[in-house]
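Working notes, beginning with the structure itself.
All of the numbers you see were taken from the coordinates with simple rules; none came from a lab. Predicted model only: the values in this text are computed from it and were never measured. Ideal geometry is used to build each Cβ from the backbone, glycine not excepted, and the neighbour counts take in all protein chains shown.
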């Protein structure tokens, strides 16, 4: 009952800030027009490479608020989350680095994750270049570096430390990027759990 009340209050007030536990990195309740759905961590072995937060529309949050996250019903909620992320006007993934990674390595790692879900080589290379160019100016993605990926029906817009690097005009690439964080082989299962925990009914 208390959880339902919290969810309803959050819908009225907008959203709430969250802190990713493994890294201690905090995420603001809103980013542009999107509300914070959940947070997670990207690990490589024992290393927490970055924290990630997902932002999407209040309309999708309202759909999830009436769905249960438990047992078989939870599968439906997850499906609504996945499909909604791909079809809403904009879904944003905010990455905040917790570990220093070189420009080539971080751009290749993110691009490779998308490439395993999408076959458009030119678009993948364009995405990689935008990430690389944004990081190379500072030498490496140091702790605190932020990456913003706005996924929409128009494609993906990339920003590094708040500086827009450009857009890849590919709806298919945008959907594949969402899958990196929301499909069955996602790079941060904790993000999915957090989204369902914070947006769905018990």
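With respect to the conditions (1) over 12 Å from the mean Cα position of the chain (by Cα); (2) crowded, with 20+ Cβ neighbours inside 10 Å, residue 24 lacks only one, and its number is (2).
Quick check on the range 86-97. Is at least one of its residues on the phi < 0 side of the Ramachandran plot, surrounded by fewer than 19 Cβ atoms within 10 Å (Cβ to Cβ) and over 15 Å from the mean Cα position of the chain (by Cα)? Within the range 86-97 (the criterion being on the phi < 0 side of the Ramachandran plot, surrounded by fewer than 19 Cβ atoms within 10 Å (Cβ to Cβ) and over 15 Å from the mean Cα position of the chain (by Cα)), the answer is no, since none of the residues qualifies. Of all the criteria given as (1) in contact (Cβ under 8 Å) with a residue 40 or more places away in the chain; (2) surrounded by fewer than 20 Cβ atoms within 10 Å (Cβ to Cβ); (3) closer than 23 Å to residue 25 by Cα, the one not satisfied by residue 120 is (3). Per the listing 82, 42, the residue uniquely surrounded by fewer than 22 Cβ atoms within 10 Å (Cβ to Cβ) and either touching a residue at least 12 places away in the same chain (Cβ under 8 Å) or in a loop (DSSP other than H, G, I, E, B) (or both) is 82.
Restricting attention to the range 45-71, the residues that are part of a strand (DSSP E or B) and either without any contact (Cβ under 8 Å) to a residue 12 or more places away in the chain or touching a strand residue (DSSP E or B) at 6+ places or on another chain (Cβ under 9 Å) (or both) total 10.
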